[in-house]
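In what follows, a structure is listed as structure tokens, so that the remarks can point back to it.
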Amino acid sequence: MKTSMNEVLRRIKSFLIPYLVILCICLVIKLVYTKADIYFAVNAHYSPFADAIEPYVTDIGNGWTCIAIAAMFALFSYRKAFLLVTAWGFTSISAQILKYIFDAPRPKLYFKDQLSRIHFVKTVKILSLHSFPSGHTITAFTMAVIFTYWSKNKAWGPLFLLIAVMVGYSRMYLSEHFFEDVTAGSVIGVILTVIWLYWLDNKSFIQRPKWQKGLLN
């Protein structure tokens with residue numbers, strides 16, 4: 001049975017509606033404040049607890065995390081494992097292409113003359129190049145969209161959104177990305193994942209009974 005684009009969007013509605021509200025707020029913030037204003041507003045609010053926890057939050061958006069989750073899904077459903085890992089591959093490759101096209105400096109390089117006023121988390125390796133867009137944010141939103149798409153209880157959608165937003169914030173907190181990188185990353189992650197789900201989940205091979213099984217059944 002074919003899944004229409006409207007059906008894909010309906011399944012993620014509990015995620016998509018609050019996301020669009022947050023996105024509108026982000027766009028207003030961008031219109032009102034400068035890149036530097038937003039960066040230093042985030043960077044000024046730090047604590048030992050946040051320094052300790054944010055590196056772990058940011059790892060949720062790591063590609064290896066997505067691969068590990070896909071491997072666990074493979075135990076029960078080849079279809080879900082394949083959808084997740086290929087969606088991650090599609091959005092991640094797109095992110096890398098954009099990173100090299102824009103070749104934007106990260107905060108450490110962008111504010112190289114103001115490093116003394118920046119708070120860095122000592123345990124984190126701070127990169128300098130390929131800031132736009134945020135790959136970790138793209139991965140986090142890719143997973144959030146897919147998990148909402150699969151969930152029978154759509155009340156999980158806002159929780160998945162919250163986790164993805166937390167990953168995006170962690171990228172700014174750790175001075176790895178700017179607000180613009182994270183916002184764009186969320187948009188890229190959502191749009192490309194919806195397109196990928198619509199395209200791949202309509203392929204006849206992935207609907208075959210053997211794809212609904214996993215290593216354990």
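Got a number for residues in the range 64-79 being surrounded by fewer than 16 Cβ atoms within 10 Å (Cβ to Cβ) and closer than 23 Å to V165 by Cα?
3
When the residues of the range 208-217 are filtered to those that are assigned to a helix (DSSP H, G or I) and either touching a helix residue (DSSP H, G or I) at 6+ places or on another chain (Cβ under 7 Å) or of a type in the set (D, E) (or both), which remaining residue is surrounded by the most Cβ atoms within 10 Å (Cβ to Cβ)?
Among them, the one singled out is W211.
Taking I29, is it among the β-branched types (V, I, T), farther than 17 Å from G189 by Cα and touching a residue at least 12 places away in the same chain (Cβ under 8 Å)?
Yes, satisfied.
Assigned to a helix (DSSP H, G or I), of a type in the set (S, T, N, Q), loosely packed, with under 12 Cβ neighbours inside 10 Å and on the phi < 0 side of the Ramachandran plot: does that describe S116?
Considered against the rule, which asks whether it is assigned to a helix (DSSP H, G or I), of a type in the set (S, T, N, Q), loosely packed, with under 12 Cβ neighbours inside 10 Å and on the phi < 0 side of the Ramachandran plot, S116 comes out as yes.
Looking only at the range 1-54, which residues are exposed (fewer than 11 other Cβ atoms within 10 Å of the Cβ), at pLDDT 95 or above and part of a loop (DSSP other than H, G, I, E, B)?
T34, A44, H45, S47
Any residue in the range 57-85 that is closer than 19 Å to V190 by Cα sitting within a Cβ distance under 8 Å of a residue that is of a type in the set (D, E)? List the pairs, counting only those 6 or more apart or interchain.
That search, which allows pairs on different chains as well, returns T58/E176; T65/D59; L83/D201.
Can you name every residue in the range 160-185 that is surrounded by fewer than 24 Cβ atoms within 10 Å (Cβ to Cβ) and closer than 20 Å to A70 by Cβ?
F160, I163
Among the residues of the range 83-103, write down those that are closer than 17 Å to W199 by Cβ and surrounded by fewer than 23 Cβ atoms within 10 Å (Cβ to Cβ).
V85, T86, G89, F90, S92, I93, S94
So for the range 195-207 (the condition being crowded, with 18+ Cβ neighbours inside 10 Å and either touching a residue at least 40 places away in the same chain (Cβ under 8 Å) or in a helix (DSSP H, G or I) (or both)), does at least one residue qualify?
yes
The values are calculated or read from the model by the stated rules, or taken from the named source; none is laboratory data. In this text the structure is predicted, and so the values were computed from the model without any measurement. Note that each Cβ is placed from the backbone with ideal geometry, even for glycine, and that neighbours are counted across all protein chains shown.
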